[in-house]
Each structure stands twice: as structure tokens, then as C-alpha cells.
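Working notes for the structure below.
The values are calculated or read from the model by the stated rules, or taken from the named source; none is laboratory data. Because the structure is predicted, anything quoted here is derived from the model rather than measured. When we count neighbours, we look across all protein chains shown, and the Cβ atoms used for this are built from the backbone with ideal geometry, even at glycine.
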């Protein structure tokens, strides 16, 4: 049998009031008993008898510093002994033990001993399964934390680029125009007024870009968490910025979605549309959102130049470059799956599906915090 707790076992020193146990048999039963007694401060195994030197409990007894003998009769002669447990399964040994009598010494064997070690073995096995399950969920948690951290870092980098390439450049241009206005006010007032007008228009654009950056940081108002309104506003801003026509359709009620799912859903759509802007060379994109009791499905289709999926999937750099990895990772973080379909000259389709039934049950138990 497996011995999940063996590595935790340490040698013990005898204490006052300890029950001294002699054990006959170091097979499955003896091993199970040694493992459980090794952690009990009130039990001290003083000797083990086993004729098979390859029995699993022999190595364990040596690790614990327990004397091992091939002749069980030597255990009967030990002075400091309170309990003898026979788990050898040998009928002759058990028959001999029934004739053994000494004041203060108890003998357990036969069916009673078998029941004892099977019960203990079942407990050890159950403990091992619990440890395996805990390790599994700890690994999943570490993966979740790692992927969530990667997504957050990626989001920060993207927003930093937006600020640097958009807002900062616009403000730098406004600053330059103001310097020019300062020079023209006295020399050419008419040209100065025209420059002020241009500067005002440029400043208005910078304000719009600043609002877009703020919106990207917090797309959903946390007091209402209205996904559809947030997406509608985002698509209007996207059309203005990119001149790519967007068509948005939705079926179902967003109120069945958890806040965390809504945020991840918004980021998935945002990432997909960023990819359309950067790579697709499209002039039209469609976003379809279907919400029903069992499944959430997002479909994003563009009429761009497309790409060879097989080539991209074979090259990790292109995988990252086309933004596919970020979309699929975000889908996984809400318990869903994503896929990307594309062909050269045929545009690209992104589909993300998130099951809602199991998540709904879990959410009810955790007050909707998932």
C-alpha cells in the first residue's frame, strides 16, 4: 500500500505512561499500524517480528529505530511490554499466542487485529486522498494567481502605451501650439487667434482621449455593473477613434452574470477589437452576445485580411502578436473556452463560450462573489 505519511514520521523517545507495543507482522497491517502509532505520543512500538525481510514494514521499522526480529517468541520474552498485536495472518502464531499469559499484557490478533489495521489503513488512504485533492487545488490556485497577474501586467502595459502614444502626444502638441501662440500674439494677432482655435480643438481631443483611458481602466460602474451600456459606449468611442463600423447585437439578460464575469467579458471584447484595429485592416466588425441560462457565448467577426491559423499556432511569437493568447487566457479564467477561426482574405472570427449553470450554483453559495 502507499505510505503517504511515512516521510513525516520521526523517531520517538519513551515517555511516562506510554503503552509499549510488540507487533508480529510487518506486511500491510503492520505497516498501517506503525504509521498511525508513530504519531501517537502515548504508544511506543518496542519490537517487530517479521520472517520476510522484504516486507514493507521492515524498512519503516528501521527508519523509526524499532528493533526487528525474525522470531516472534523473542518479543514474548521482552520485559517492558503492555500489548502484543498479531497481524501476521499466520494461524499457527495466533494459536500459540492464545496460550500466552502474562500479568498486565494484552494480546490482540485474528479477526480483531485484521479489523483494526484495515480500519487504520482506510483512514491513512483517505488522508492521502485528501492531501492529493488539496495539492491539486493549491496548484490550480497558483495557476490562477499566475495567469491573473500576467493579465493584469498585460493590461497595464497596454494602457501605458495608450497614454504614451495618444494622450501624451496630444498634450505635447497642445504645449507646442501654446508656445507658438505666445509668439504670434504680438507679431501677428490674426494668425495667433487661428492657432488658438486649433489648440482648443486639439485640447478637446486630448480630453476625449483622457476620458477613454479612464473608461478603459474602469469600464463598468461598480454601483450598477451595467455591461450592455458599457459596451455600447465603448463601441461608439471605438468607431470614432478607428473609423471601423461596429454592429452590436445581444440576446438574454445580463443580470444573471456575475460582476467578475462581466469585467472579464468586457476585456475579452476589448482585446479582440484592439486586434482588429492593429492587424485586421477591416472596415467592419460585428459583436454578438448571447446570454441564456446555461451558456454565455460571444462571437466577434471582422471582414479584414485574416491570417493563416496553422502558421500562427506554430509560432509562439505570432501567437502573442495577434493577441490570441490574451483572449484565450481570459476565457479560461472565467471557466470558459475560446477559439479563433481565420483564413487569409476571409476575415477572422473569435468565439468564447462560458458555461453558466455550475457557476450559478457556486455563486449562490458564495453570495455571488465568483
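The table below gives the values:
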{"item": "Residue pairs meeting the criteria (Cβ under 7 Å; at least 6 apart or on separate chains; first in the same structural domain as residue 274 (by TED's automatic domain parsing) and touching a residue at least 60 places away in the same chain (Cβ under 8 Å), in the range 242-256; second surrounded by 14 or more Cβ atoms within 10 Å (Cβ to Cβ) and outside any helix (DSSP H, G or I))", "result": "256/291; 256/356"}
{"item": "Qualifying positions in the range 349-361 - surrounded by fewer than 16 Cβ atoms within 10 Å (Cβ to Cβ) and modelled with pLDDT under 85", "result": "357, 358, 361"}
{"item": "The listed residue being part of a helix (DSSP H, G or I) and either modelled with pLDDT of 90 or more or surrounded by fewer than 21 Cβ atoms within 10 Å (Cβ to Cβ) (or both), out of 33, 75", "result": "75"}
{"item": "Which numbered condition residue 262 misses (of (1) within 21 Å of residue 332 (Cβ to Cβ); (2) assigned to a loop (DSSP other than H, G, I, E, B))", "result": "(2)"}
{"item": "When residues of the range 325-348 are limited to those that are under 14 Å from residue 305 (Cβ atoms) and buried (at least 16 other Cβ atoms within 10 Å of the Cβ), the one modelled with the lowest pLDDT", "result": "342"}
{"item": "Residue that is surrounded by the fewest Cβ atoms within 10 Å (Cβ to Cβ) [pool: residues in the range 36-47 that are more than 40 Å from the chain's Cα centre (by Cα) and more than 18 Å from residue 73 (Cβ to Cβ)]", "result": "42"}
{"item": "Options 268, 305, 300, 287; residue that is assigned by TED's automatic domain parsing to the domain that holds residue 250, at negative phi, modelled with pLDDT of 85 or more and assigned to a helix (DSSP H, G or I)", "result": "268"}
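Each row is one residue, and each column tells you yes or no for (1) assigned to a helix (DSSP H, G or I); (2) surrounded by fewer than 16 Cβ atoms within 10 Å (Cβ to Cβ); (3) modelled with pLDDT of 85 or more.
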{"residue": "81", "(1), (2), (3)": "no, no, yes"}
{"residue": "93", "(1), (2), (3)": "yes, no, yes"}
{"residue": "111", "(1), (2), (3)": "yes, yes, no"}
{"residue": "131", "(1), (2), (3)": "yes, yes, no"}
{"residue": "141", "(1), (2), (3)": "yes, yes, no"}
{"residue": "149", "(1), (2), (3)": "yes, yes, no"}
